[in-house]
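Written out below as structure tokens is the structure these notes cover.
Only the coordinates and a few stated rules stand behind these numbers; no lab work does. Just so it is clear, the structure is predicted and the values come from calculations on it, not from any experiment. Positions of Cβ are backbone-derived with ideal geometry, glycine not excepted, and every protein chain shown enters the neighbour counts.
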Amino acid sequence: MLNDMEIVRSYYVALDAGNLDKASQFLSDDFRMFETATGWVGKNQALEMLSLIKTALPDLKHALSNIRSEGGIVMLTAQAGGRHNGPLDLPNLGMGLGIVPATGRMVIFPPDQYEFTVAHGKITTERNVTPITPYSGVAGFLKAVGVTEQ
């Protein structure tokens, strides 16, 4: 059986491989994700958001560091990057700016701090606890590919 840190690492390995079916196996049925731009979302909405991001950045990879676990909470730093080689469907991410066509630009996100709650071998919550900056989240991604919000 995997320990809490191995569960979270395996989740990221599945995400980076684009295997959202495998990634979903690490999430509890009542999984909830908190992102600074969207607030709390459930498992299906979180997986849909991840699918849209992987479509826009098919080679998206995460570098994990500072991984530690304490009392069912896994804390880590994740830095992601990939090339914007696919369309970014903003309306389905809850933004009305339309679909952003691929730009071919390399996008490297600033490091984010995450906390995962793990219980009974499944991730129950994922929280991005990084303070919001102009370069984080979807707003940061849009700036990186040359789109300005209107």
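Assorted remarks:
- Rounded tilt (10° steps) of 43-56 against the dominant C-alpha axis of the chain: 50 degrees
- The charge dipole of the chain, taken about the Cα centre with unit charges on the Cβ atoms of Lys, Arg (+1) and Asp, Glu (-1), comes to about 300 debye, rounded to the nearest 20.
- Potential lengthening between Lys143 and Val13 on full extension [0.36 nm per residue; Cα-Cα distance subtracted]: 44.1 nm
- FRET efficiency, 1/(1 + (r/R0)^6) with R0 25 Å, evaluated for Lys61 and Asn92 via beta carbons: 0.65
- A full extension of the chain between Met106 and Ser28 corresponds to an added length of 24.8 nm, given 0.36 nm per residue minus the alpha carbon distance.
- Label reach from Val129 (point 7 Å along Cα→C-beta): in the range 19-53, amide nitrogens under 19 Å belong to 32-41.
- Neighbourhood net charge (13 Å Cβ-Cβ; Lys/Arg +1, Asp/Glu -1) for Met106: +2
- Taking Cα atoms only, the orientation of helix 4-16 departs from the longest principal axis of the chain by about 30 degrees.
- Local electrostatic count at Thr124 - Lys and Arg +1, Asp and Glu -1, tallied over other residues with Cβ under 14 Å: -1
- In this label model, Ala119 and Arg68 are separated by 2.4 nm, measuring between points 7 Å along each Cα→Cβ vector.
- Near Thr130, the amide H atoms lying under 5 Å from its own belong to Gln113; only residues 5 or more places off or on other chains count, and H is placed 1.01 Å from N.
- Cβ-based charge dipole, the chain, positive-most Cα from Met106, Gly42, Leu57: Met106
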